[in-house]
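Each value in this text was obtained by applying a stated rule to the coordinates, not by laboratory testing. Keep in mind it's a predicted model, so treat the numbers as computed, not measured. Virtual Cβ from ideal backbone geometry, glycine too; neighbours counted across all protein chains shown.
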Amino acid sequence: METGRFESRPPPGLRAPGRTHPLRHVIHALDEALTTAGAQLRLQAGARVLDFGCGDRHYQKLAGPDASYVGADLPGNSAADVVINADGTLPVPGESFEAVLSTQVLEHVADPRLYLAECLRVLKRDGRLLLSTHGTMFYHRDPVDYWRWTHEGLRKLLGDSGFEIMHFEGVMGLGAVGLQLFQSATYPKLPSWLRPAYAAVMQWLIAWIDRRYSPETRVPNALVYVLVARPKPLPA
């Protein structure tokens, strides 16, 4: 896992986007999907939760006030409690967490299978993984950007890595995805004075179109995927 991610902080408005933010809808939709899926972690008071790639600890809220939250990230992140080893592994014992959070991280790691193997290793046998990552999304470095998945590819990756998926959903349907990609391609070409109004109109339209999709029809071509998984049962 490469260093360099923490030379700058998250862009302004990323955590609380206003109506002129060019990613307003997907940020709100992803937050809602993660909050809903997070309830399936079934965390009890005192449960240990690892945020594997914690960034600015924005999703610590998913652990709840009664859990013991541990943030892990690359060297240079002063918000992290645990520093990820140079080879991508974690300096923590196996089967030591009731839950692992992985929010918008998997697309940035050089070896997704190693990353998921570490998630599996540190989870207790009855633990759960809450993960979000990209389906169809424009390129963005943090500090690198390697991967995109179809829904079938992501399911296969989790299954091959020893997980059983319990919950799987797509964030944004194809029409909304297409509009978001069009906006992302054209937004930088506009004069700066026009961008806020353009983003406000496009984000309203994206949200309106997205409401026309059911949860089932969002899955095949989603911008982002959210899932909850658990370790597969051991062979009898």
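Dipole of region 5-231 computed with +1 at Lys/Arg Cβ and -1 at Asp/Glu Cβ about the Cα centre; of His28, Gly18, Val83, farthest Cα towards the positive end is Gly18. Counting charges near Asp160 (Lys, Arg +1; Asp, Glu -1) among other residues having Cβ under 11 Å from its Cβ returns a value of +4. If you take all other residues with their beta carbon under 14 Å from the beta carbon of Tyr59, and give Lys and Arg +1 and Asp and Glu -1, the sum is -2. The helix-based estimate of mean residue ellipticity at 222 nm for the chain, built from -39,500 (n - 2.57) per DSSP H run of four or more residues and divided by its residue count, is -9000 deg cm²/dmol to the nearest 500.
The length gained on full extension between Val82 and Arg211, counted as 0.36 nm times the residue separation minus their Cα-Cα distance, comes to 42.5 nm.
Provide, in order from the shortest bin, the percent of all Cα-Cα pairs of the chain in each 10 Å bin, continuing until the bin that contains the maximum pair distance. In whole percents, the pair-distance histogram is 8, 31, 36, 19, 5, 0, 0.
Quick one: if the Förster radius is 30 Å, what FRET efficiency do Arg195 and Arg57 give, using the C-beta to C-beta distance and rounding to 0.05? Efficiency at R0 = 30 Å is approximately 0.50.
What lysines could a cross-link reach from Lys156, if we take a straight Cα to Cα line under 23 Å and drop same-chain neighbours fewer than 8 places away? By straight Cα distance, Lys156 reaches Lys124, Lys232. Karplus-derived 3J(HN,Hα) values for region 42-52, using 6.51 cos²θ - 1.76 cosθ + 1.60 with θ = phi - 60°, are 6, 6, 9, 4, x, 4, 9, 10, 9, 9, 8 Hz; glycine and proline are entered as x. Between the alpha-carbon centres of region 157-236 and region 35-101 there is a gap of 24 Å.
For Lys232, the amide hydrogen comes within under 5 Å of the amide hydrogens of Phe163, Glu164, counting only partners 5 or more places away or on other chains and with H modelled in the peptide plane. Each 10 Å bin from 0 upward holds the following percent of the Cα-Cα pairs of region 87-151: 21, 49, 26, 4.
Out of Asp87, Asp160, Asp56, any idea which swings most in a Gaussian network model of the chain, alpha carbons joined below 10 Å? Top of the fluctuation ranking is Asp87. The alpha carbons of region 39-156 stretch over 39, 33, 24 Å along the principal axes, in descending order.
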